[in-house]
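Written out below as structure tokens is the structure these notes cover.
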Amino acid sequence: MLLRARVPFTLDGEAVVCGPDGIAIFDALHRRGTVSEAMLYVFELLELDGEDLRALPPSDRKKRLVRLLGRRRIGIVLSPHTDEDAAAICGCAVGTIKSRVNRARSKLSALLYVDGAEDFGPDETVRAVIGGSGG
């Protein structure tokens, strides 16, 4: 994977394997061996070179993400969607979308037997995102 960055960064994304029809095949990620056809769908840039970017407007984070990834995105798909897009599609407030995402993150942590953000080591940005205190 070729990226422009020579500094540490934290992305929010999801690994996905799609079939020929473009529909995600969830079981494909659980196959034994190497999954070479997986793509990383990146939603946003959370941290860059130690700077927590979550307080910035989504449009600013998206611009920085595009610059970080550059033109060569081997194995990476930049998702154009935002919380604002989801709110418009669902016909609700952006705060509702963020609340539901936070609730889902909490449920996922419980399913993964995560007791707290401290289970994720010293990286403060990752701990804050997993702990649900981020935006």
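Summary table
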quantity	calculated
Search result, residues across segment 51-95 that are surrounded by fewer than 16 Cβ atoms within 10 Å (Cβ to Cβ), assigned to a helix (DSSP H, G or I) and among the basic types (Lys, Arg)	63, 67
Residue within segment 66-80 that is over 13 Å from residue 11 (Cα atoms), touching a Ser or Thr at 6+ places or on another chain (Cβ under 7 Å) and modelled with pLDDT of 70 or more present	no
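The values are calculated or read from the model by the stated rules, or taken from the named source; none is laboratory data. This structure is a prediction, so every number in the text was calculated from the model and none was measured. When we count neighbours, we look across all protein chains shown, and the Cβ atoms used for this are built from the backbone with ideal geometry, even at glycine.
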